[in-house]
1. What's the number of the only condition in (1) within 20 Å of Thr106 (Cα to Cα); (2) in a loop (DSSP other than H, G, I, E, B); (3) charged (D, E, K, R) that Asp11 fails to meet?
2. Can you find a residue in the range 81-88 that is farther than 13 Å from His105 by Cα, buried (at least 20 other Cβ atoms within 10 Å of the Cβ) and either polar (S, T, N, Q) or in contact with a helix residue (DSSP H, G or I) (Cβ under 8 Å, 6 or more places away or on another chain) (or both)?
3. Pairs, please: C-beta under 7 Å, at least 6 apart or cross-chain, first residue aliphatic (A, V, I, L, M) and in the range 5-17, second modelled with pLDDT of 90 or more and in a loop (DSSP other than H, G, I, E, B)?
4. Being among the hydrophobic types (A, V, I, L, M, F, W, C) and at pLDDT 95 or above narrows it down to one of Phe125, Phe53, so name that one.
5. Within the range 44-55, is even one residue touching a residue at least 12 places away in the same chain (Cβ under 8 Å), more than 21 Å from Asp11 (Cβ to Cβ) and not basic (Lys, Arg)?
6. Restricting to the range 70-119, give me the number of residues that are of a type in the set (Gly, Ala, Ser) and within 13 Å of Val50 (Cα to Cα).
7. Kindly provide the set of residues from the range 94-120 that are closer than 13 Å to Phe74 by Cβ and assigned to a loop (DSSP other than H, G, I, E, B), ordered by number.
8. Read through the list (1) assigned to a helix (DSSP H, G or I); (2) out of contact with any helix residue (DSSP H, G or I) (no Cβ under 9 Å at 6 or more places or on another chain); (3) closer than 17 Å to Asn7 by Cα, then give the number of the only condition that Gly64 fails.
Amino acid sequence: MSNQESNFKIDTKEKMHVLTPEVPVLAANMTADLKKLTTSFLKQPVKNLVINFSKITSIDNAFGMELANIQQNFYNENVSMVFCNFSKEVENSLREMGLLEKMNHTPTESEAWDIVQMEEIEREFL
């Protein structure tokens, strides 16, 4: 297991991967690993991604900016990316950075799955 993967638990579902960071703080020095890891999903048959923040208590500004950029890249590729389980601290940090409103996020992982599935259906009809 590489160092980047040791910081993230990956659970593959039928239509998505669920990525759960295993550390409480997402720091700027982790952004390159996150970008490399998430970009690798775009080359797989199952491309959609849910990032579960259930274990995260703090997020660095640079990491927040990278999350927003990665999410935009996914949507540019016509692939879903949904964030879930933001703590109040993470939510407040993202709001202060002006990113929360731009991010596709839900309170629970189950709701994130629902969004991915709805977006999959929408893409099939288009």
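1. If we test Asp11 against (1) within 20 Å of Thr106 (Cα to Cα); (2) in a loop (DSSP other than H, G, I, E, B); (3) charged (D, E, K, R), just (2) comes out false.
2. no
3. Sorted first by the residue in the range 5-17, then by its partner, the pairs are Met16/Val46; Met16/Asn48.
4. Values: Phe125 fails: at pLDDT 95 or above.
Of Phe125, Phe53, the one residue that is among the hydrophobic types (A, V, I, L, M, F, W, C) and at pLDDT 95 or above is Phe53.
5. No; the residues of the range 44-55 include none that is touching a residue at least 12 places away in the same chain (Cβ under 8 Å), more than 21 Å from Asp11 (Cβ to Cβ) and not basic (Lys, Arg).
6. 3
7. The answer is Met103, Asn104.
8. With (1) assigned to a helix (DSSP H, G or I); (2) out of contact with any helix residue (DSSP H, G or I) (no Cβ under 9 Å at 6 or more places or on another chain); (3) closer than 17 Å to Asn7 by Cα applied to Gly64, the lone miss is (2).
The values are calculated or read from the model by the stated rules, or taken from the named source; none is laboratory data. What you see is a predicted model, and the numbers here were worked out from it, not measured in a lab. Positions of Cβ are generated from backbone atoms using ideal geometry, with glycine treated the same way; all protein chains shown enter the neighbour counts.
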